[in-house]
1. Of all residues being within 16 Å of the ligand (Cβ to nearest atom) and in a helix (DSSP H, G or I) in segment 209-254, which is surrounded by the fewest Cβ atoms within 10 Å (Cβ to Cβ)? Just the residue, please.
2. Of the conditions (1) more than 14 Å from the ligand (Cβ to nearest atom); (2) buried (at least 18 other Cβ atoms within 10 Å of the Cβ); (3) not basic (Lys, Arg), PRO170 satisfies every one except a single condition; which number is it?
3. For GLY66, work out the one condition from (1) within 15 Å of the ligand (Cβ to nearest atom); (2) assigned to a helix (DSSP H, G or I) it doesn't fulfil.
4. Cβ-Cβ below 6 Å, separation at least six or inter-chain, first residue in segment 5-29 and touching a residue at least 12 places away in the same chain (Cβ under 8 Å) and outside any helix (DSSP H, G or I), second within 16 Å of the ligand (Cβ to nearest atom) and of a type in the set (A, V, I, L, M, F, W, C): which pairs?
5. Scan segment 275-290 and tell me whether some residue there is over 17 Å from HIS235 (Cα atoms) and not aliphatic (A, V, I, L, M).
6. VAL164 - would you say it is over 24 Å from GLY36 (Cα atoms) and within 16 Å of the ligand (Cβ to nearest atom)?
7. Quick test of your reading of the structure: ARG146 fulfils all but one of (1) at positive phi; (2) touching a Pro at 6+ places or on another chain (Cβ under 9 Å). Name the failing condition by number.
8. Considering segment 87-113 alone, what residues qualify as being assigned to a loop (DSSP other than H, G, I, E, B) and within 15 Å of the ligand (Cβ to nearest atom)?
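The values are calculated or read from the model by the stated rules, or taken from the named source; none is laboratory data. Predicted model, so just to flag it, every value in this text is computed and none were measured. Here the Cβ positions follow ideal geometry from the backbone for every residue, glycine too, while neighbour counts run over all protein chains shown.
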Amino acid sequence: MALRINPLVKKTPLSGIRQMSNRLPAHPGAVNLTVGQPDFPPPDEVKEAARRAIGERATGYSMNAGLPELREAASAYYGKKYGFSYNPATETVITAGGSGSMDAVLRTILEPGDEAIIPVPIYAGYEPLIRLAGATPVYLDTRRTRFVPDAAALEKLITPRTKVVIFNNPSNPTGVAIPKAEMDRLAEVLAKYEVYILSDDIYSENTFDAAHQSFGSYPALRDRLFLIHGLSKSHSMTGWRIGVLFGPAAVMKHIVKIHAYNAICAPTPSQYAAIAAYTGSSEATDKMNRAYIQRRQFLMTALKEMNLPIVRPTGAFYAFPSIEEFPITSQDFAIRALEEEGVAVVHGSAFTMYGEGHIRISYAASMDQLEKGMERLGTFVRKLRGDTRTIVPDPPQL
Ligand code: PMP
């Protein structure tokens, strides 16, 4: 039979991140700095709670919105830290990863003809969801404001068709967190318009220079704000598929239907493990953050020695240096770095075309891998510049 596929789906690209990481099996021995997956095990108490759940056969469906104890634990954990209050019964939904939250919110609110503003460059997961809903992405260019979304520039983009403004704070791929002063300005603009706000705070627990700032701490935004949190990054639980969505009850009752028809519920053993994550100690997350801070220092030094300009990342675990000086696309740069020198990074254009001229380096990789990776990247960069001397960056004083 002829292929009769929804043209919007046909046009949807595969994630550029996966396009790069899928090349890795053909390059054994390559250093993989592509993935946004912490190189640490989940906390012991989390693993133990999952084993216990499986042993006790607590493995059936849960309520669609998630186990009530988990919703209570997650609402208390983030609420206390970030100064907001969401009712666990009516304003909290546990989804299959933050991805499940993104999908459920956007499918619930977007209609054909709507506009969705996204600060760019941004994580590749948003644009396809917006387009599949028949809506149009509108780009808020952050390149001239050190990757911080600028409130005045945002205001100029808001039209009567704007349905939602999306943030990702701290940002994948830039690693930049929005400073408090700019959050205040953004909140002031957003409060003036009838638009929803979706803030993807999946990296909220990975901030290094200042405490995470949440749009949840602005009461004027409460009836239009959705917050995405989760355990993939903070507790190294990517495969467990736990996301947490907070939002106003009047909309959440519709969102939960989309989540229910898509997933029924998040995986139940993972939900029991998640209770342990939210009620346990922060030791594992603190340990990861200490390692990320050391690695960031190493990367900043190594990239400086390579003369690749970079905006200092303040959160997540990505560095996003500029490779604009080279007369090749970021995709060619990434493919050649892998094929010629054995180091895999992600091309900036995987994060919309506004990421062109950059590469993303994930430092959720061991120091050993990072050292090897930077040595190889340095060799590649010098080769592109026509200089074949080998300079190895000094390891940082930690
Ligand atoms: N949002 C952002 C910005 C991400 O980087 C990721 C994962 N790379 C996700 C959402 C999805 O994470 P998960 O579904 O594993 O929670």
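1. The residue in question is GLY239.
2. (1)
3. Here GLY66 meets the rest and fails (2).
4. SER15/ALA124
5. Of the residues in segment 275-290, the ones over 17 Å from HIS235 (Cα atoms) are none.
No: segment 275-290 contains no residue that is over 17 Å from HIS235 (Cα atoms) and not aliphatic (A, V, I, L, M).
6. On the way: over 24 Å from GLY36 (Cα atoms): yes; within 16 Å of the ligand (Cβ to nearest atom): yes.
Yes, satisfied.
7. Single failed check for ARG146: (2).
8. Taking segment 87-113 and keeping what is assigned to a loop (DSSP other than H, G, I, E, B), we get 87-91, 96, 110-113.
Result: ALA96, single match.
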